[in-house]
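A.B. asks: Let me give you the structure first, and then I'll get to my questions.
The values are calculated or read from the model by the stated rules, or taken from the named source; none is laboratory data. Quick caveat: nothing in here was measured; it's all calculated off a predicted structure. Neighbour counts are summed over all protein chains in view; Cβ atoms, including those assigned to glycine, are modelled from backbone coordinates with ideal geometry. SASA here: full protein model, heavy atoms, side chains in, ligands and nucleic acids out. Shrake-Rupley method; radii C 1.70, N 1.55, O 1.52, S 1.80 Å.
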Amino acid sequence: MPTLSSAAGSAPSMSWGEGYHTGHWVYFAFLSVANCLQLASFIGLMVYFIRGYLHSRKKKGDAISGTVAIIVPCYMPNEHSIIEETLEHILNKLECEQEVNLEASQVIVYCAYNAPDGWTHPIEDKLKDMDGKRIGKWSRSFRSIRVPDSKSKASNLNYVIPEINSDYTVIYDADHHPDPRSLCIAVAKLEREGVDCIQGSTYIRKGLNCMGKLIDAEFFVTHFVIFPSLQVLSGTGFFGGSNAVWRSKFLKTQAFHHSAQTEDIEYTTRALLSGAKIQFCPESRSGELAPV
């Protein structure tokens, strides 16, 4: 009597991969690549933080031994309502540990701004009155410069940078309030690593509505996860336009292009091609306003 299996006949044998169409293989390929990239990012992140931990055990402090120029480029009238608060923060709250001799302050602050022809405002009178004086908790030198014929941040920077004689130059946008120790942390890492630029991180300091919180979360993941992984995998960081410390000697070697829509990335590209070394430092933090 025939069995059920013999009556039904033997099932046809299938070779490996038979029955899958092109879409299956394309999806499998993309999934494999994504998993490999995630694994590489995770390894890069672990390497970054292990290196940071080992350096933290060796370092002897974050004191700044050289001189520092701080540039705050500003566009009037859009930023006239926030520039005074930013300058007050930088002059009185941003620390520089070796600044003990008030008559020989190692920090000079530049406010380089552009404005339409004929524009006047009381804030400009205040900036003119502050120009050339020593101001704030540490008696820091202050310069206020209205850049002639400027219509961009790049032109403002190009006007000021050639006259800088400090060892380091740090750039902050007009809405940035760097954490008190952020400058010391960035300069210490720049010297420790022997690089030309240290790019810090950014967070939302004001305007934390629903959208602001989402942007703040994105900033955290970008600066503390993605960028450190990118640095380990690619061997370099990049300049983000604000909260970045440069060796002034290198910063003077090339100008910013005022016609570039993202002058920071364009500047980074040319800098890397000319041999610049740039690293990220997420623990050097600066708060900015939420986009509106």
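A.B. asks: Of the residues in the stretch 134-156, how many are out of contact with any strand residue (DSSP E or B) (no Cβ under 6 Å at 6 or more places or on another chain) and either without any contact (Cβ under 8 Å) to a residue 24 or more places away in the chain or assigned to a loop (DSSP other than H, G, I, E, B) (or both)?
C.D. replies: Number of matching residues: 8.
A.B. asks: Further question: What are the residues in the stretch 230-254 that are open to solvent by 50 Å² or more (accessible area, probe 1.4 Å) and either closer than 20 Å to D167 by Cβ or modelled with pLDDT under 90 (or both), if any? Show your work before the answer.
C.D. replies: Our first condition is that a residue be open to solvent by 50 Å² or more (accessible area, probe 1.4 Å); within the stretch 230-254, this holds for 230, 233-235, 238, 247, 249, 252-253.
Listed by number, the residues that qualify are L230, L233, S234, G235, R247, K249, K252, T253.
A.B. asks: What is the residue count in the stretch 208-229 for residues that are modelled with pLDDT under 85, closer than 16 Å to D175 by Cα and open to solvent by 40 Å² or more (accessible area, probe 1.4 Å)?
C.D. replies: The total comes to 1.
A.B. asks: Right, here's the next one. What are the residues in the stretch 244-292 that are part of a helix (DSSP H, G or I) and hydroxyl-bearing (S, T, Y), if any? Explain how you work it out, then say what you get.
C.D. replies: First, pick out the residues of the stretch 244-292 that are part of a helix (DSSP H, G or I): 248-251, 263-273.
Across the stretch 244-292, the qualifying residues are S248, Y267, T268, T269.
A.B. asks: Return the total of residues in the stretch 96-136 being open to solvent by 20 Å² or more (accessible area, probe 1.4 Å), modelled with pLDDT of 90 or more and more than 21 Å from S81 (Cβ to Cβ).
C.D. replies: Total satisfying the criteria: 4.
A.B. asks: E88 - would you say it is under 23 Å from S286 (Cβ atoms), out of contact with any Asp or Glu (no Cβ under 6 Å at 6 or more places or on another chain), modelled with pLDDT under 90 and open to solvent by 40 Å² or more (accessible area, probe 1.4 Å)?
C.D. replies: On the way: under 23 Å from S286 (Cβ atoms): yes; out of contact with any Asp or Glu (no Cβ under 6 Å at 6 or more places or on another chain): yes; modelled with pLDDT under 90: no; open to solvent by 40 Å² or more (accessible area, probe 1.4 Å): yes.
The answer is no for E88.
A.B. asks: For the stretch 185-193, state whether one or more residues are closer than 21 Å to V160 by Cβ, in contact with a strand residue (DSSP E or B) (Cβ under 7 Å, 6 or more places away or on another chain) and either open to solvent by 10 Å² or more (accessible area, probe 1.4 Å) or not β-branched (V, I, T) (or both). Break it down into steps so the answer makes sense when it comes.
C.D. replies: Quick first cut of the stretch 185-193, residues closer than 21 Å to V160 by Cβ only: 186-187, 190.
If we keep only those that are in contact with a strand residue (DSSP E or B) (Cβ under 7 Å, 6 or more places away or on another chain) as well, we get 186-187, 190.
Next cut, either open to solvent by 10 Å² or more (accessible area, probe 1.4 Å) or not β-branched (V, I, T) (or both) only: 186, 190.
Taking every residue of the stretch 185-193 in turn, at least one turns out to be closer than 21 Å to V160 by Cβ, in contact with a strand residue (DSSP E or B) (Cβ under 7 Å, 6 or more places away or on another chain) and either open to solvent by 10 Å² or more (accessible area, probe 1.4 Å) or not β-branched (V, I, T) (or both).
A.B. asks: Testing D62 on (1) part of a loop (DSSP other than H, G, I, E, B); (2) out of contact with any Lys or Arg (no Cβ under 8 Å at 6 or more places or on another chain); (3) closer than 23 Å to E193 by Cβ; (4) at pLDDT below 85, one condition comes back false. Which one is that?
C.D. replies: For D62, the exception is condition (2).
A.B. asks: Restricting the first residue to the stretch 176-195 and requiring it to be under 14 Å from G66 (Cβ atoms), which pairs with a second residue that is surrounded by fewer than 22 Cβ atoms within 10 Å (Cβ to Cβ) and among the basic types (K, R) meet a Cβ separation below 7 Å and a spacing of at least six or different chains?
C.D. replies: If the second residue must be surrounded by fewer than 22 Cβ atoms within 10 Å (Cβ to Cβ) and among the basic types (K, R), the pairs left are A188/K59; R192/K59.
A.B. asks: Among the residues of the stretch 162-174, what is the count of those that are open to solvent by less than 10 Å² (accessible area, probe 1.4 Å) and either assigned to a helix (DSSP H, G or I) or of a type outside the set (S, T, Y) (or both)? Break it down into steps so the answer makes sense when it comes.
C.D. replies: In the first step, residues of the stretch 162-174 are kept if they are open to solvent by less than 10 Å² (accessible area, probe 1.4 Å); the result is 164, 169-172, 174.
This time we only want the ones that are either assigned to a helix (DSSP H, G or I) or of a type outside the set (S, T, Y) (or both), so: 164, 170-171, 174.
Qualifying residue count, the stretch 162-174: 4.
A.B. asks: Among the numbered criteria (1) touching a residue at least 60 places away in the same chain (Cβ under 8 Å); (2) surrounded by 18 or more Cβ atoms within 10 Å (Cβ to Cβ); (3) assigned to a helix (DSSP H, G or I), which one does R205 miss?
C.D. replies: Going through the list (1) touching a residue at least 60 places away in the same chain (Cβ under 8 Å); (2) surrounded by 18 or more Cβ atoms within 10 Å (Cβ to Cβ); (3) assigned to a helix (DSSP H, G or I), R205 breaks only (3).
A.B. asks: If you don't mind, another one. Given the criteria closer than 26 Å to S284 by Cβ, in contact with an Asp or Glu (Cβ under 8 Å, 6 or more places away or on another chain) and modelled with pLDDT under 95, does S166 qualify? Don't jump to the end; show me each part of the working.
C.D. replies: On the way: closer than 26 Å to S284 by Cβ: yes; in contact with an Asp or Glu (Cβ under 8 Å, 6 or more places away or on another chain): no; modelled with pLDDT under 95: yes.
It is false that S166 is closer than 26 Å to S284 by Cβ, in contact with an Asp or Glu (Cβ under 8 Å, 6 or more places away or on another chain) and modelled with pLDDT under 95.
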